[in-house]
1. Quick one: which of A:K476/B:K140; A:K63/A:K458; A:K447/B:K167; B:K10/B:K143; A:K718/A:K745; A:K666/A:K743 span more than 30 angstrom between C-alpha atoms?
2. Starting from a Cα-only point model with no solvent, please compute log10 I(q)/I(0) by Debye for region A:322-434 at q = 0.15 1/Å.
3. Using the alpha carbons of the protein assembly as shown, what is the convex hull volume per residue in cubic angstrom, as a whole number?
4. When the helices in chain B are scored as -39500 (n - 2.57) per DSSP H run of 4 or longer and the sum is shared across all residues, what 222 nm value do you end up with, to the nearest 500 deg cm²/dmol?
5. Listed highest first by mean packing, meaning other Cβ atoms within 10 Å per residue, what order do B:183-189, A:562-568, A:786-792 come in?
6. Work out the length of the dipole vector of chain A about its Cα centre, built from +1 on the beta-carbon of each Lys and Arg and -1 on the beta-carbon of each Asp and Glu, and round it to the nearest 20 debye.
7. With axes computed from alpha carbons, what is the tilt in degrees of helix A:11-21 against the longest principal axis of chain A, rounded to the nearest 10 within 0 to 90?
8. Considering only DSSP states other than H, G, I, E and B, which chymotrypsin sites (Phe, Trp or Tyr not before Pro) in region A:356-443 qualify as loop sites with at most 15 other Cβ atoms within 10 Å?
Amino acid sequence: MREIKFIGSNEKTLVSMNKEYGWSLNLKELLMVKDYFEKLKREPTRAEIETIAQTWSEHCKHKTFSGPVEFIWKDRSGKIKMKKKFDNLFKETIVYATKKLNKKYCLSVFKDNAGIIELYPGSKWGICFKAETHNHPCAIEPYGGAETGVGGVIRDILGVGMGAKPVIDTDIFCFAYPDKKYDIGKGFLTPHNIISGVVSGVRDYGNKMGIPTANGAVVFDDSYIYNPLVYVGSAGLIPKDKINKKVVPQSLIVVIGGRTGRDGIGGATFSSADIEEETSSSHVQIGNAINEKKVLDVLLKARDMGLYTAVTDCGAGGFSSAIGELASDCGAEVWLDKALLKDENIEPWEIWVSESQERMVLCVPEKNLNKLKEICEMEECEFCVVGRFTDTKKLEVYHKKNKIIDLDMKFLHAGLVQIAKKAVYKERKTNYNSISIKNSEIPERFKKIISDLNVCSKRSIVEQYDHEVIGQTVIKPFCSMEQRVPSDSAVIWAGNVTGENNHRGFAVSCGINSRISKISPYIMSYYVVDEAVRNLVCVGADITRGAILDNFCSANPNYEDVMGDFTASAISASKAALDISMPYISGKDSFYNQTAVKNRVYKIPTTLLISAIAPVEDVRNAVSSDIKSEGNPIYVIGEFKKGMGGSVYRELFKGDDFVSSIDLKKNRKYYLKIIESMRKKHILSAHDVSDGGFLTAVLEMALCGKGVEINIGGIKDKYKVSDAEALFGECGSKIILEVDIRKEKEFINFMREAPMLKVGKVIQGSSFILTDKGNIVFKEDVLKLREIWERKII
Amino acid sequence: MGEKNNMKPKVIVLRASGTNCNLETEKAFDYVGGKVDSVHINELVKGIRKLSDYDIIALPGGFSFGDDISAGKIFALRIKSLKKDFDEFVKKKKPIIGICNGFQVLIKTGFLPYHPDLKQKATLYLNDIGRFVCKWVRVKINKESPCIFTRGINSEFYLPIAHGEGKFVADEKVLKEITDKKLDALTYMDNPNGSYEDIAGITNEYGNVFGLMPHPERAFFSYLSPSKSSNKTGIGYYFFKNAVDYVK
């Protein structure tokens, strides 16, 4: 490594120095740094440049999403349909929707480690929710990457406001197929290795933290071969009077939890670049769940005793970003030699930026230090005082007597150069042709669909996670006594944590769809927002008081087509939220999910995870997805639509790639009706139609061993769709309901304005029967179909 | 124990670093009328609190000390340093319940199956499936067991399990003693982990010490069951109610 010399250096030297040290700064930023130090008439120290690189990194600042974008939308023929300049894409799409919706139950949006909504009107408690990705680490070290991903998002919940108690975790993965042969580049892991590592990592960390992992999804698609996506989410409960933090100058900077080591140096800057064949796994941190559990125990105790006035987590960028952010309005003096270390063989600047796990930074008034120390000792949690908050508006970092950083907070936090990105969105050519399917082909094709990895049971993964700890999980990943039927949302009762004598709780769900994204990233956002919300509706959650999170993953945004797809999906994500009236409260984006192998660039499609959360007034009335009793009629609410685009059927067999658009304003109307009908106890079970289509969804509800008879004729007549579209299409927004036969008339009358169709009934025995105008098309024992569906994934 | 009639039974929910089912265990005892203290084992070691002040001990689930070495082992060693106090508690026939990791601790301390010199007589080994598993399983109460926690509970029902090391293993002599004396208070109907004699939980001869792998605290209310039935009370309630009624 060469000496760091900015003063007088030309552009070429700056750029090559940048690459050598791995700062991931762009030229404009390098020149800004140069200017700053030329004015100071001194060279920067290594620690200063590393601090600037971390603080300005894509990972910490999200400068692509919150930067200016020149957007061009071209239609199929290449004609320009729309041109738009954004100064700040994030503010003008995601934040815009939230501001416009202006929901009073949102207690904190976008400003803290997680978003917060009210548990119920007038409640003393808020629910906070955050989702993160840990894609790059999982690609090269799946177990450690997944563990530290879970650990990181939990610390976001611990670090929100004055600290919240995490009560549910979620995990959503996108992988390539583990059972398919790929010609994998040298030095890369197979999908099978990645999946086993990631699942074990989430399991070991989440279980040891004592937080139920109770909602999630797994998506399989070739696009994720070199770039698996690993989303982890966490929601917590926080007293409303603990939502605001305050950094007080002269208070001590206290670190609790793990020690600082050389693991994870430069993680934030590494996540802001493409994965290359020589990318090293030393960028990935090491997890230790028990350390974090101790941190959790100490933190919540100290919070309730009022021992600190502010807290944040040590995530990307380590102390540099945690202390830097807390002190951004006042200033800080830091003594790095006081930090507890894993080993002494570490440079001062490395202590400063190390991303060692399980550390939280607190602002502690000096008078409370002894009490905090007592708690830490009792809980066997290490702690150290590493500095003091000041009012100098400066960041001053010492190691022993050496001052290694002396930067203005203003420069560090406001000095970011915004780079305008070019974005060109080209609509893909799609063809609609109504495909036909013979009755005789239906049984075999259906069986193939339900054994497809995107459709089959995820139980072999899910049962490795403790989804019951804390004793609040009401709707679990699988419903019915034997837990055979997949649920739509997790429902969590809040009572053990709040100590309130009521049955209040909340529901958590998600929506993700890469197949539609490959056809239209624009339409995709509507579908995933809708799916997440529809999942909440299926359990009867109150979506009028709900919220959503956006987690975008994309390839390298310096490609104008990548940025075009991303921008188009951000625009529609904003519109979808407005239409369905659900505000975004937090989010995160992850770029550079692409890999070059043997001269070919593998890019992921723009993948948007929407996580949704909404209060449940009385968890005892939450609706589960398993069919309850013989004789009850089965209804579908929502329109069947044209097109096989985005369906599992099309992936396996042939079909057109047309995707019908959906109207979320209209959907919201009948979703509210369904929730109201659930309150009136018309509905005994509900399930949304997603991967695999309508027939799969009905079968899933019956997997507890109930018989059903379904008539497809009415669907074709009413919605003018083909057999394939009716049975296996995935366009439109449909919910299947089992209605209490004693309340059927009331139900029909109440729902009359919604698109509604009676499609069958629950029958005696365990036969799954499909008929078309009186003729039996398909008949099979549910238990036999269950065997096919319940295949192992890994 | 008549003089305590009007007082709430005092319950100590004892935890260590890594214990994580303490909240719901505390709440379960609270809901059935116990006066509950959540206590870190270090508070006993340092003498800040005394076991003799309590009527019931609960050792909740989790991963005490990360389950390093083997599940519950280090927690067990800490408890052994307080051997006298615990043994006195057992001999006074006060109730002790160990759930999941707590059961592992009771086994590793030699309180279950009871050994007069507190030597370990059995173990809970890695599940046959080779990994952690979380699901509701069918279990059966041994009606002839002296166990005070399972008194009067319906014989067959579902309880949730969540463990990686739950396979009960002991030699033939120990197993015979357990089955002969009806100490196998709770058994699996569809053995999920390979436990010998389908053992899910065992008690001591007097019935006041009970350890089990399933989690009754997670089945405390009917709405926590995966099947949405109309029963008002969950089956787990009775385990805690029995303990509190016993000391009243």
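Each reported figure results from applying straightforward, stated rules to the coordinates on display, with no laboratory input. In this text, all values refer to a predicted model and were calculated from it rather than measured experimentally. Please note: Cβ atoms are built from the backbone with ideal geometry, for glycine as well, and neighbour counts cover all protein chains shown.
1. A:K63/A:K458; A:K447/B:K167
2. -0.78
3. 172
4. So the helix-based figure for chain B works out to -7000 deg cm²/dmol.
5. So the order, starting with the most tightly packed, is A:562-568, B:183-189, A:786-792.
6. 2240
7. With both axes taken from Cα atoms, the answer is about 70 degrees.
8. A:Y432
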